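Read the figures in this text as sums done on the coordinates, not as results from a lab. Owing to the predicted nature of the structure, the values given are computational and were not obtained by experimental measurement. Note that each Cβ is placed from the backbone with ideal geometry, even for glycine, and that neighbours are counted across all protein chains shown.
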Amino acid sequence: MLDVCLLGTGGMMPLPRRALTALMTRFNGSSLLIDCGEGTQVAIREKGWSVNPIDIICFTHYHGDHISGLPGLLLSMGNADRTEPLTMIGPKGLRKVVDSLRIIAPGLPFDIIYREIEANEQSFTMAGYELEAFRVDHSVPCFGYSIVIPRIGRFSVDNAKALGIPVNLWGILQKGEKVIYEGKEYTPDMVLGPARKGIKVTYCTDTRPADIISKKAEGADLFICEGMYGEEDKANKAKENKHMMFTEAAELAKKAGVSKMWLTHYSPSLVRPEQYMDEVRAVFGEAYPGKDRMSVTLGFDDE
Ligand SMILES: [Zn+2]
Ligand SMILES: [Zn+2]
């Protein structure tokens, strides 16, 4: 099971009733955060989730509305006596940006591991998550992320029996690990069918529409995408500022064949995102205006 929470839906600045856009997921006791603007730790608390199990923080880019909340979050994690290392992933310059912010958050009781993204597309595997970062089209280097929880193939009791594999090894092979027993090696492929569909969430904010987005979001259970403006007369502004219209996000969702799309990163000038949803749904039916702290629990298909 993967818990997913859109912590906020605002772009540019936090508003009294709209926190800045950030995503948090929980899987198997390990939490992941994407982006950390001003007030993100407040949004986490308002949701009732904890900052302590955050093992990974990914950054889309280093505009203030996506990272200025980091020093406060780190201090809170330190106050909670975290000692396990924290991994950060982000575009080039990650260590420099974080070190600068850490002037006001020195002496943390845990290490930070920096993973700078070095290519336009890069994968990371950690804490049960498979992460795929992909370069999008914003005014500064910016990346979208797909979060995948892979699922191994079905265990075949018939194969295990036919091959004479001792029953006490079945559990190990079922986890996808190989084992050597009484001088013989047993591998998962002997008893597991083809990999099954896992869980996939794609998160993408601060960008113009781009082919890479629909390619990387393909088949996602949930696609969280920026929509800075709903009003048709803002199309030029969206282009100039390297952001998207709601309907442009919907086109990407349709092309990617995702199950569901949530919009986020609204302009502070956009008061009621709901009022533009008819046009959005004319393009892609399963589109919803994101709301602060909106969440869902995604399971494997037959769970
Ligand atoms: Zn932004
Ligand atoms: Zn930006």
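In what order do GLU132, GLU274, GLU226 fall by count of nearby beta-carbon atoms within 10 Å, going from fewest to most?
Result, fewest neighbours first: GLU274, GLU132, GLU226.
Taking the simple approach of a point 7 Å from Cα along Cα-to-Cβ for both THR187 and TYR114, what is their distance in nm?
3.9 nm
Å³ per residue of the Cα convex hull, for the stretch 1-155?
Given the Cα convex hull of the stretch 1-155, per-residue volume reads 122 Å³.
If the elastic network links every pair of Cα atoms under 10 Å, which of GLU182, GLU130, GLU251 fluctuates the most in the Gaussian network model of the chain?
GLU182
Counting only Cα, what are the radius of gyration and maximum Cα-Cα distance Dmax of the stretch 68-176, in Å?
20.5, 63
Give me the orientation-averaged projected area of the Cα convex hull of the stretch 149-303, in nm², one decimal.
So the mean shadow area of the Cα hull is 12.0 nm².
In which sequence would PHE59, PHE134, PHE27 go, from the one with the fewest C-beta neighbours within 10 Å to the one with the most?
So the ranking, lowest neighbour count to highest, is PHE27, PHE134, PHE59.
Using a Förster distance of 45 angstrom, determine the FRET efficiency expected from the C-beta separation of ARG154 and SER100, and round it to 0.05.
Taking R0 as 45 Å, the efficiency between ARG154 and SER100 is 0.35.
Which aspartates and glutamates, on any chain, are close to LYS242 with Cα under 19 Å apart, when same-chain ones fewer than 8 places away are left out?
By straight Cα distance, LYS242 reaches ASP35, ASP65, ASP137, ASP206, ASP211, GLU226, GLU231, GLU232, ASP233, GLU251.
Looking at the stretch 194-266, what % of the alpha carbon pairs are farther apart than 17 Å?
I get 39 percent for the Cα pairs in the stretch 194-266 exceeding 17 Å.
Taking the Cβ-Cβ separation of ILE172 and ALA282 as r and a Förster radius of 45 Å, what is the calculated FRET efficiency to the nearest 0.05?
Once the sixth-power term is evaluated, E becomes 0.30.
Based on the alpha-carbon set only, what is the convex hull volume of the stretch 153-194 divided per residue, in Å³?
That works out to 57 Å³ per residue.
Relative to the compact-globule scaling 2.2 N^0.38 Å, provide the ratio for the alpha-carbon radius of gyration of the chain.
1.09
Give me the dipole magnitude in Debye, nearest 20, for the chain about the Cα centre, with unit charges on the beta carbon: positive for Lys and Arg, negative for Asp and Glu.
Charge dipole of the chain: 160 debye, to the nearest 20.
Looking at the chain only, what percent of DSSP beta bridges run antiparallel? Nearest 5 please.
Just about 60 percent of them are antiparallel.
Using the number of other C-beta atoms within 10 angstrom as an exposure proxy, rank MET24, MET126, MET244, MET88 with the fewest first.
So the residues, fewest neighbours to most, are MET126, MET88, MET24, MET244.
Grab the DSSP H runs of the chain that are 4 residues or longer, score each as -39,500 (n - 2.57), total them, divide by all residues and round the 222 nm result to the nearest 500 deg cm²/dmol.
So the calculated ellipticity at 222 nm is -6000 deg cm²/dmol.
Just report the Cα centroid separation between the stretch 160-207 and the stretch 1-74, whole Å.
33 Å
DSSP beta bridges in the stretch 52-148, what fraction antiparallel, as a percent rounded to 5?
Around 60 percent of the beta bridges assigned by DSSP in the stretch 52-148 are antiparallel ones.
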